[in-house]
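Q: Quick one: this structure, given as structure tokens, is what I'll be asking you about.
The values are calculated or read from the model by the stated rules, or taken from the named source; none is laboratory data. None of these values were measured; they are calculated from a predicted model. Cβ placement follows ideal geometry from the backbone for every residue including glycine, while neighbour counts extend to all protein chains displayed. In case anyone asks, the SASA skips ligands and DNA or RNA and just uses the protein heavy atoms, side chains included. Shrake-Rupley method; radii C 1.70, N 1.55, O 1.52, S 1.80 Å.
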Amino acid sequence: MVSLLCLCRFGKMTRCQVIAILLLSFLPRTAAGSSLPTLVPRSTVQLGRAQFSARAVLELATRCDQACVRREAALLPQDFQEYLFYETLYANGTRTLTTVELSPGEGSTERRWPRRRMRRKRQIYGTDGRFSISGNHFLMDYPFSTTVKISTGCTGVLVSEQHVLTAAHCVHDGRDYVKGAKKIKVGFLTPANGTGRPVMRWARVRRTQVPKGWIQSLNSVSMDYDYALLELRRPHRRPHMELTVAPAAEEMAGKRIHFSGFDSDRPGELVYRFCGVEDETAHLIYQHCDARPGASGSGVYGKVWDPVRHKWERKVIGIFSGHQWLEVGGEQHDYNVAVRLTAPKFAQICYWIRGDYKGCQNE
């Protein structure tokens with residue numbers, strides 16, 4: 001269910017905007033002082049062993065046209081709950097499916113009207129705005145030190161003492177797990193002794209969790225649920241980034257997003273970039289941050305106001321997914337895309353990390 005950007009012409013509401021309102025009405029957003037939705041696991045069943053037959057894709061590209069609008073318009077609230085069912089893949093190749101029940105929180109419903117702008121280039125927009133992070137001091141400095149490499153070729157971000165958030169397509173293609181997912185590892189870029197280049201030190205993964213919203217169609221791939229969580233076998237010793245429900249772009253400092261990744265055209269380097277948000281929908285953040293294959297799975301963060309600490313804090317609000325072509329009114333538009341952490345997705349990931357949904361209510 002890839003969301004479609006809509007255009008308001010001559011002060012009148014178009015058909016796609018009406019559809020957007022209906023979709024957003026099913027997705028409550030946590031407001032200040034409001035509780036998250038409650039995500040309660042109901043049953044877990046054993047599945048057959050994964051085949052690990054899929055090929056890892058480092059450059060995810062999708063298209064959205066009027067057909068995807070019609071698909072989303074036909075969704076019911078219970079469909080969104082089913083998309084939060086999830087698979088757990090263990091290191092020995094076994095896997096399970098867990099069903100959940102989602103109860104809305106008290107957060108207000110957000111309605112967001114996106115803009116549209118034309119761009120005809122992809123991945124790199126005009127002058128390359130990426131920065132290679134070099135020097136031992138910077139590599140180990142927060143937030144760069146929270147970026148890790150996934151052995152299937154993608155990027156991830158540390159979100160707890162033992163968990164890494166990345167893109168689902170880095171481990172699963174929608175049909176099966178990729179060949180390297182059974183023995184998947186997480187790489188920590190570590191300063192080398194002396195004057196040598198930094199080295200990658202690898203840690204093993206205990207289990208991988210992917211939402212059914214990603215594993216739900218054999219015919220089409222949606223970016224809306226392109227996220228996965230990896231649990232390491234042992235805790236790491238680095239700081240991690242905090243997660244938060246993605247606010248509107250206007251609520252982030254400078255309306256900017258930032259992320260670091262291991263772009264394929266700069267092997268052995270950590271690459272940082274930032275840019276403004278171009279458009280956003282219930283599930284996706286549309287932007288023109290320069291990126292290359294390998295950056296998928298990067299933790300997208302913004303500076304969000306923390307009412308408890310009374311200061312701006314860097315917090316992960318999404319996961320960089322890839323590229324999307326949009327066809328609107330016969331015109332094509334292209335964007336780099338990040339998956340927004342909506343309140344239900346945040347509740348799910350928090351449960352994966354904590355193992356206790358009650359502990360996520362006041363996050």
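Q: I need a count of the residues in the range 37-60 that are in contact with an Asp or Glu (Cβ under 9 Å, 6 or more places away or on another chain), in a strand (DSSP E or B) and surrounded by fewer than 16 Cβ atoms within 10 Å (Cβ to Cβ).
A: Qualifying residue count, the range 37-60: 4.
Q: Can I ask one more? Where in the range 123-198 are there strands (runs of 3 or more DSSP E), lying fully within it, with 2 or more residues that are modelled with pLDDT of 95 or more?
A: In the range 123-198, 147-150, 155-158, 163-166, 185-190 are the strands (runs of 3 or more DSSP E) which contain 2 or more residues that are modelled with pLDDT of 95 or more.
Q: Can you work out which of the residues in the range 199-221 that are of a type in the set (Gly, Ala, Ser) and within 18 Å of Leu165 (Cα to Cα) is modelled with the highest pLDDT?
A: Ala203
Q: Moving on. Which condition from (1) in a loop (DSSP other than H, G, I, E, B); (2) at pLDDT 95 or above; (3) closer than 26 Å to Cys289 by Cα is the one that Pro235 breaks?
A: Against the list (1) in a loop (DSSP other than H, G, I, E, B); (2) at pLDDT 95 or above; (3) closer than 26 Å to Cys289 by Cα, Pro235 comes up short only on (3).
Q: Okay, next question. Among the residues of the range 308-315, is there at least one that is open to solvent by less than 10 Å² (accessible area, probe 1.4 Å) and touching a residue at least 40 places away in the same chain (Cβ under 8 Å)?
A: Among the residues of the range 308-315, not one is open to solvent by less than 10 Å² (accessible area, probe 1.4 Å) and touching a residue at least 40 places away in the same chain (Cβ under 8 Å), which makes the answer no.
Q: Of the numbered conditions (1) over 19 Å from Asp224 (Cβ atoms); (2) open to solvent by 10 Å² or more (accessible area, probe 1.4 Å); (3) in a loop (DSSP other than H, G, I, E, B), Asp263 fails exactly one; give the number of that condition.
A: So Asp263 meets the others, but not (2).
Q: Right, another one. Mind listing just one residue for me: the one in the range 145-192 that is in contact (Cβ under 8 Å) with a residue 60 or more places away in the chain and of a type in the set (S, T, N, Q) and, of those, nearest to Ser321 (Cα to Cα)?
A: Only one residue tops the list, namely Thr166.
Q: Among the numbered criteria (1) at pLDDT below 95; (2) outside any helix (DSSP H, G or I), which single criterion is violated by Gly254?
A: Only one criterion in (1) at pLDDT below 95; (2) outside any helix (DSSP H, G or I) is unmet by Gly254, namely (2).
Q: Moving to a separate point now. Just to be sure, is Ala295 closer than 19 Å to Phe131 by Cβ, in contact (Cβ under 8 Å) with a residue 60 or more places away in the chain and touching a strand residue (DSSP E or B) at 6+ places or on another chain (Cβ under 9 Å)?
A: Against the criterion (closer than 19 Å to Phe131 by Cβ, in contact (Cβ under 8 Å) with a residue 60 or more places away in the chain and touching a strand residue (DSSP E or B) at 6+ places or on another chain (Cβ under 9 Å)), Ala295 qualifies.
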